[in-house]
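For reference, the structure is listed below as structure tokens.
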Amino acid sequence: MPRLQPLCKLRVPLGGQEIELQQVDFDGGGMSLLRTRIREQSRFTIFDIDPATAHAWGEALLAWAATQPHGK
């Protein structure tokens, strides 16, 4: 059974989705993963990503936000 460590919880102001980030550690050891849970009413989307993908995704989000009028 994996161990989950809560990292961050966000609510999207337009649409009301809940985004939760958790670190996933497996009993057998190995690489930790980043779990992203997106809840939209009663529907959930859940996916786990590796550190390299999380880094690239984070940089893409920051780059986009920096180009927006209220991104800073």
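Read-outs: derived from the displayed coordinates by stated rules, not from any lab. These figures come from a predicted structure and were not determined experimentally. Every residue, glycine as well, gets a Cβ built from its backbone with ideal geometry; the counts of neighbours run over all protein chains shown.
A Gaussian network model of the chain, with springs between Cα atoms under 10 Å, assigns the largest mean-square fluctuation among Leu34, Leu61, Leu21 to Leu61.
Tilt of helix 51-66 relative to the longest C-alpha principal axis of the chain, in degrees (0 to 90, nearest 10)? Result, in degrees: 10. For Gln17, the residues 5 or more places off, or on other chains, whose built amide H falls under 5 Å of its own are Val12.
Express the relative contact order of the chain as a whole percentage, based on alpha carbon pairs under 8 Å and six or more residues apart in sequence. Relative contact order of the chain: 20 percent. With log10 I(q)/I(0) by the Debye sum over Cα atoms at q = 0.14, 0.24, 0.25 Å⁻¹ as the read-out, I listed [x] -0.54, -1.17, -1.20; [y] -0.36, -1.12, -1.22; [z] -0.46, -1.06, -1.12; which label goes with the value calculated from this structure? This structure yields the entry labelled [x]. Restriction of the chymotrypsin sites (Phe, Trp or Tyr not before Pro) in region 6-72 to DSSP coil positions whose beta-carbon has at most 13 other beta-carbons within 10 angstrom yields Phe26.
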